[in-house]
Each structure stands twice: as C-alpha cells, then as structure tokens.
Amino acid sequence: MAFSLDIRCHSEIGLVRRNNQDSGYVSPRMLVVADGMGGAAAGDLASTVAVRHVAKADRRFSGEGSPARPQGEEMLTVLSGAVADANDELADLVAWDSSLEGMGTTFCGAMFSGTQLGIVHIGDSRGYLLRQGRMKRMTHDHSWVQSLIDDGRITPEEAAVHPHRSLLLKVLNGQPQHIPDTQIVDLRLGDRILFCSDGLCGLVNDDTIGEHLNTTNLDDVVDLLTTDAHAGGGTDNITIVVAEVVEADPNLDASEPHIIGAATTRKVPEHEVTAPLPLDQPASATNNDGKSTVLFDSEAEESMRYAPVDSMTRHRRHWLWPVVILAFVAVVVGGIFGARAYLNTQYYVGTDDDTVAIYQGSPDNLAWIQLSHVTEKTNIKTADLPRYYRDRVLGNIRVSSMDSAHATVAELRTGAQQCKVIREAATAPPPTKPATPPSTPPQPSASGPTANAHHTPQPSAVPTPAMPTPTSAMPSPSAAGHEVDLPAVTSGDCQ
C-alpha cells in the first residue's frame, strides 16, 4: 500500500547570524536540508547548488508522462547522483573563482517512493523518525564530537557542550573522497519524519524534539521547534522539514515543489564546466592523503572552518604548525604528568631548619624548579646526631618508600639519644670523696661490766661512681626491611 507525505517546512536566519546559508527543498518525492558553510567563501552558494541539483533530479519524475517513482536502491542512485553532480559543480566553481575556496555544505535528505525513504546524508544535519510516540535518529553525524562519542571518550551530554562540537569531518566541498552515507527506511502509516540543520538539533535536545514532533498539528510542530531553537540562543540558521506519512492523497501527490532558505535568492554564477574528478585523483597535482577535512561551524570561525583538500600545499601550511604545536604541548604535558607521578614515589631524609625531616620527591632541582617538599617533620636536631649520621643527613639519605623513611628516622633518633648520653657523661664533673670522721674509743658503761654493751655502727665510705668508658660500640637498631646502612655509634662519633 502506497502512502503520501503531508509536509511542512521553514528556514530562517536565526537570532545572531548576518545571513541565511541554509537551503531546503521539498516535494511529494523529496525532503532535503543543506547547511552551507564557509562565511565569505559563500556557504549560501554551496547549499544553493546542492538543492538545485536535487530539484533538477526531482523534475524528471513530475508531470504527465514522467517515469514512475524510483523504488528501493534506485532512489539512492537518483539522489546520490544529484549529490555527486552538486559536488562536481562546487569543484568547478572553486576552479573558476579561487575566492570561493572554502565553501561547503552538509546534505541531509531523502527520496520518497510511497512506502520507503532512500536517505542520503553527509555532515551534521540530522534526520529523525517518530513512530508510535518513540523517536529515533536515522542519521549519524560526521562531526568531531560524534567520533569522540563513538570511541567512548565522551558522553552525548558532554558532546552537547563541547567547545569543538561544530567541527565537521565530512561535507560536500568539491572533493571526491567525501562520500555520503545512504540507507533505505521502511515507512508505516502515521510515521513522522524530521530533517533539520544543526541550528535546531545543536540547540534543542533530542527528548524535547521528540515531544514536539509528537504534537498533533504539523504547523505547531514547526512553531514549537523554532521557538525552542530561539530559546536556546538562536545562534545559527534554523531549517526544518517535517512530514507525516498519511494515506494516499492525490492532492498531496500533486503539490508543487518548494525551495526555502538561501536558494530562494542566491544566484549560481555562470562558470566554466570541467570534467568530473575521478575518485582516486585529488583536485591538485599534489597527492592527497585521503583523510577527512576538519571544518569549523560557527560564525566566529567562518573564515577558517574549512581547509580545502584540493590545495594541499595551503592545507599543509595551515595545519602543519597547529599539529606541531599540539604535539609539542602533548609531549610537554605528558612529561609533566609522568615526572610528577615518578616524583610522588620518591622519598629521602634531609634537614629542615636544623632538624631532621622526611621529603617526598627528589633532592635535585631542575633550574629554579624545586622537585621535592617536606612531607613529615621531626624534633631530632641535626646537632644531636653522631658525626657520620649528621653528614649523611646533610647529604640527603634517599629511600625507596615512606616506611623506609620512617625506619631511617627511627635509627637516627636512637643515634641522637645515644650521643646525648655520651656527651652528658663526658661533660659531667667527677664526684668528690666525703671526709671520714675520727674514731672515738668506747667509754665504759656506768653499770659496770655486767651491763650489756651497745655497739654503734660506723658509717662506711660513699662509693665513687665509675666514669662510663664506652670502649665498645653501641649497636644501632634497624627496622625490618630498612635499606639504609648506618654504622653503630661510638664515642668518637659524638665528640
């Protein structure tokens, strides 16, 4: 069973741009949106060329005596052929007038067979399908942020606010290596179709678009979508094509084609026609690497949003320095993070304000950059340390971990305590021997010899403390797993 399309369309400049570079085309058989780019390099001309070639292809199937509507893959052949012809003319225009170099256009549209859509798409304009209240996207953006989403590096929510969300990887720009995507979509009665430029889908999220697309009246759908694009800032041209799949209607099938946007006023200048470029031949004698061209899609960047591949010398000159600079920055940033990660695993024991401290990092400095910082302070004075220990600390004791640093500090603390004992003993005055009182002979008791004698014990001499003579080394404790070899403390170390 064949259906018809009930179509509404709208294109406007938006709230910020100085002119409308979008174009669109609708007919009972065609739905197309083209978002031109290039600023002074005539993005409006590029989109105009695209829709005029679509209109030319569409005229072959209108009116009495015309061929039947193409079906299936034949739709893709017709629409892809029109897109290829438009791309060839863009190449001719640039060859005829070099000031047009840099122009390009997205293309998002479909041919309608009565039961199916044959979709052709390149760039970041989008196609949506609403079926039974549920909307899905039919196209895949050829943009930088979409490639990041595909690689799992950012989320769709992050892409919506990404600073480079307008960078395009593929467009129609006169270069043969930019091949559009194609697909066939089966339709059902009641389906709704939306094709739009990023002046809508770049400012209004898919959930809101789906809600409005589900509104009963098609005119209201267009009004609501446009209003929300304005509410989002209206920073770009807005082009909308909405169609509903309805039962076959001869009046709808006989409706006149309609061109919207820049193509209604933009004239395509007369120019010389050159032979189409083969797919394996770049537009200049310089070899092409076949990689996608990156395009900028914002008013402020119109003059630089497109770097044409057909002038590879200029292309390389424009892009070489940014690539070199970005590579240099990446190396520097990577080196900084790598060095920081390495330094975070390094420790040493040194001095801080004449006390022992644990440092994280390296004791070496890079020019004026200090590569370490104090991570723990102690109350161990360097002056209290044995001479050898003190020299080691002043020269910084490198250790492999924080645990090893703690073990080294414990050993230094023990050495300092031992030295303090030795020094205190060496500087203490020798004790004096107390005088012995004279002995008094015992007196006879008044009670006579029969009385018991009372014996008074005499005090003994006070012993003189021995001077500590550290002739043997005092062992210095070591922690388990401690790799710093500090010798035992001797009295000579504490002088």
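Taking 0.36 nm per residue of separation and subtracting the Cα-Cα distance, full extension of the segment from residue 73 to residue 189 would add 39.6 nm.
At residue 206 and residue 15, where each label point lies 7 Å from the Cα along Cα→Cβ, what is the point-to-point distance in nanometres? In this crude spin-label approximation the distance works out to 2.5 nm. For the stretch 3-264, the residue among 43, 30, 234 whose Cα projects farthest onto the positive side of the dipole built from Cβ charges is 30. Taking packing as the residue-averaged number of other Cβ atoms within 10 angstrom, the listed peptides 216-222, 356-362 run from highest to lowest as 356-362, 216-222. Of all aspartates and glutamates in the structure, the ones whose alpha carbon falls short of 12 Å from that of residue 56, not counting any fewer than 8 places away in one chain, are 85. Among 103, 84, 208, whose Cα sits farthest toward the positive end of the charge dipole of the stretch 3-264 (+1 at Cβ of Lys/Arg, -1 at Cβ of Asp/Glu, about the Cα centre)? The one lying farthest along the dipole's positive direction is 84.
The stretch between residue 330 and residue 381, if pulled fully straight at 0.36 nm per residue, gains 13.9 nm over its current Cα-Cα span. The peptide list 82-89, 346-353, put in order of mean Cβ contacts within 10 Å with the highest first, becomes 82-89, 346-353.
The modelled label-to-label distance between residue 96 and residue 181, using points 7 Å beyond Cα along the C-beta direction, is 3.3 nm. Find the centroid of the Cα atoms in the stretch 2-38 and in the stretch 41-76, then give the distance between the two in whole Å. With the stretch 2-38 and the stretch 41-76 each reduced to a Cα centre, they are spaced 14 Å. Note on residue 381: aspartates and glutamates with a C-alpha under 17 Å away, same-chain residues under 8 apart excluded, are 352, 353, 354, 391, 411, 424, 493. With the simple spin-label model, which puts each label point 7 Å out from Cα in the Cβ direction, the residue 271 to residue 364 separation comes to 6.1 nm.
Values in this text are rule-based calculations from the coordinates and carry no lab data. Just so it is clear, the model here is predicted, and its values are computed rather than measured. Cβ sites come from the backbone with ideal geometry, for glycine too, and all protein chains shown count toward neighbours.
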